[in-house]
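Notes follow once the structure below has been shown.
The values are calculated or read from the model by the stated rules, or taken from the named source; none is laboratory data. A quick note: this is a predicted structure, and the numbers were derived from the prediction, not measured. As a convention, Cβ positions derive from the backbone with ideal geometry for all residues, glycine included, and neighbour counts pool all protein chains shown.
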Amino acid sequence: MRWTQAHIPTLREDPVEAEVASHRLMLRAGLIRKLSSGVYSYLPLGQRVLLKVIAVIREAMNAAGAQEVLLPALQPEELWKRSGRAEAMGQEMIRFKDRHGKLMVLGPTHEEVITNLVAGELRSYRQLPINLYQIQTKFRDEPRPRFGVIRSSEFLMKDAYSFDRDTAGLDRSYQAMYETYEAIFRRCDLPVLPVLADTGVMGGSDSHEFMVPAAHGEDEVVRCACGYAASRERAVKTAGRDVGAGAPCPQCGKPLALEPAIEVGHIFKLGAKYTQALGATFLDEDGAQKPLIMGCYGIGVSRILPTVIETHHDDAGIQWPAAIAPYTVDIVPLNVQHTPSFDAAQSLYQALRAAGVDAILDDRDDRAGVKLKDADLIGFPIRVVISEKTLAQSQVEVKIRATGQTSFLPLASAAASLPPLVSPLA
Ligand SMILES: [Zn+2]
């Protein structure tokens, strides 16, 4: 992409409404814009990051043998009455009447819909196990939308649902998703802490949340040097009283540490809660009709963006991990009026694109300072500067955003030596 043909509206000033770094940087780097409280549009660079996060998730889910579906956001409330959750969801679920007077909801999650679907599809043990997932917009009427897309009323989620013959099968499906989640978050360079979690309104037996320790996290985790880690909610429920910093670890008795964190994933062993309520049974090998044994697995896709930014930024801006950066390499001819160096920059850009590198060419006729500040603010993993000075040495200057480390490469071989620099980052 050529910068002059792109829509990248970076902001010089800190927006007043942004309380946390990720919200401030997403607005300033031109990733998102607010429509109303808790509702955001993604601009081209924000959408590019979202699509890269989705690609990471999709690749890992498919590799784990899950199959992608797309379920409706529009759901009859009656289905939620049948599962018993119509009341439990309370005001968080957006409800309305359609023109025929039928009560409808905008899906905050999809256990009811998927269970209703498989009730008509999965009839025999021969079709099991199966794992179906989707990437879709969810709606929750948030009482306190905050921190940009960290807590918003409309958000993108990946939700997967496994169906097994028995609890031993569920244990295997759950373990496979646990490992897949670790792989996904590793590729996004998120330092996740899987913790024991409360099952809450979802129900079921076991549950883990994938937490990223962060100063402005709205969740809290308790952890101990012995390896014990749980959401505070869960620790409180287990102990039957409040659990703060210094409370004894339920595993070893030593004092617990308390940390704020952002939840990016949550997995549950649901068992037969939904399949029993909604009549999703299968014919087992022994000839008996049994309820499908279910697990569900969520990732807050849009929430990954601010969470990565919370853990990857400095005073100058974002430091994207290469796998999910809006562009991997930013080529910056410092002075586009200087024809030889601008030509060299354009040739390098073409060569990198041809080699499959996701490059952007900053062809703006703007001051060098503006272009370099924008490069740091948006946080492209690699910045390549070409100027009259570097050209006189037949070199380009390469800066790694994450470390600030700069080096010089021969111009003639830059197109060949940059891709190997990029790939270990991704
Ligand atoms: Zn302990």
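Apart from one condition, residue 374 fits all of (1) in contact with a strand residue (DSSP E or B) (Cβ under 6 Å, 6 or more places away or on another chain); (2) surrounded by 20 or more Cβ atoms within 10 Å (Cβ to Cβ); (3) not polar (S, T, N, Q); the exception is (1).
Contact map, the stretch 233-250: residues that are under 16 Å from residue 197 (Cα atoms) paired with residues that are within 16 Å of the ligand (Cβ to nearest atom) and in a loop (DSSP other than H, G, I, E, B), Cβ distance under 6 Å, separation 6+ or inter-chain. Pairs shown: 235/243; 236/243; 249/224; 249/228; 249/256.
Among the residues making up the stretch 77-89, those that are outside any loop (DSSP other than H, G, I, E, B) and touching an Asp or Glu at 6+ places or on another chain (Cβ under 9 Å) are 79, 80, 81, 82, 83. Here residue 100 meets the list (1) modelled with pLDDT under 95; (2) over 18 Å from residue 142 (Cα atoms) almost entirely, failing just condition (1). Could we say that residue 285 is of a type in the set (Asp, Glu), under 30 Å from residue 175 (Cβ atoms) and crowded, with 16+ Cβ neighbours inside 10 Å here? Against the criterion (of a type in the set (Asp, Glu), under 30 Å from residue 175 (Cβ atoms) and crowded, with 16+ Cβ neighbours inside 10 Å), residue 285 does not qualify. When restricted to residues that are without any contact (Cβ under 8 Å) to a residue 60 or more places away in the chain and within 26 Å of the chain's Cα centre (by Cα), the stretch 257-309 contains 4.
Given the structure, is residue 305 surrounded by 22 or more Cβ atoms within 10 Å (Cβ to Cβ), at pLDDT 95 or above and not assigned by TED's automatic domain parsing to the domain that holds residue 417?
So residue 305 fits the description; yes.
For the stretch 352-363, what are the residues that are crowded, with 19+ Cβ neighbours inside 10 Å and assigned to a loop (DSSP other than H, G, I, E, B)? Across the stretch 352-363, the qualifying residues are 357, 358, 362, 363.
Could you check, for the stretch 323-345, whether at least one of its residues is under 23 Å from the mean Cα position of the chain (by Cα), surrounded by 22 or more Cβ atoms within 10 Å (Cβ to Cβ) and closer than 30 Å to residue 173 by Cβ? Yes, the stretch 323-345 contains at least one residue that is under 23 Å from the mean Cα position of the chain (by Cα), surrounded by 22 or more Cβ atoms within 10 Å (Cβ to Cβ) and closer than 30 Å to residue 173 by Cβ. Contact annotation: residue pairs with Cβ atoms under 6 Å, 6 or more positions apart or on different chains, pairing a residue in the stretch 14-29 that is free of Cβ contacts under 8 Å to residues at least 40 places away in the same chain with a partner that is in a helix (DSSP H, G or I), are 14/24; 15/27. Quickly run through the stretch 410-426 and pick out the residues that are outside any loop (DSSP other than H, G, I, E, B) and either modelled with pLDDT under 90 or farther than 15 Å from residue 330 by Cβ (or both). Passing the criteria: 410, 411, 412, 413, 415, 416, 417, 418, 419, 420, 421, 422.
Where strands (runs of 3 or more DSSP E) fall entirely within the stretch 90-146, none has at least 3 residues that are surrounded by 15 or more Cβ atoms within 10 Å (Cβ to Cβ) and among the aromatic types (Phe, Trp, Tyr).
Exactly one residue out of 330, 366 is of a type outside the set (Val, Ile, Thr), farther than 29 Å from residue 178 by Cβ, free of Cβ contacts under 8 Å to residues at least 12 places away in the same chain and not in a helix (DSSP H, G or I), and it is 366.
For the stretch 260-295, the set of residues classified as part of a loop (DSSP other than H, G, I, E, B) and touching a Ser or Thr at 6+ places or on another chain (Cβ under 8 Å) consists of 278, 280, 292, listed by residue number. Assess whether residue 290 counts as being of a type in the set (Lys, Arg), in the same structural domain as residue 159 (by TED's automatic domain parsing) and surrounded by fewer than 19 Cβ atoms within 10 Å (Cβ to Cβ). Here the answer is yes, as residue 290 does meet what is asked. Of the residues making up the stretch 83-115, those that are touching a strand residue (DSSP E or B) at 6+ places or on another chain (Cβ under 9 Å) and touching a residue at least 24 places away in the same chain (Cβ under 8 Å) number 17.
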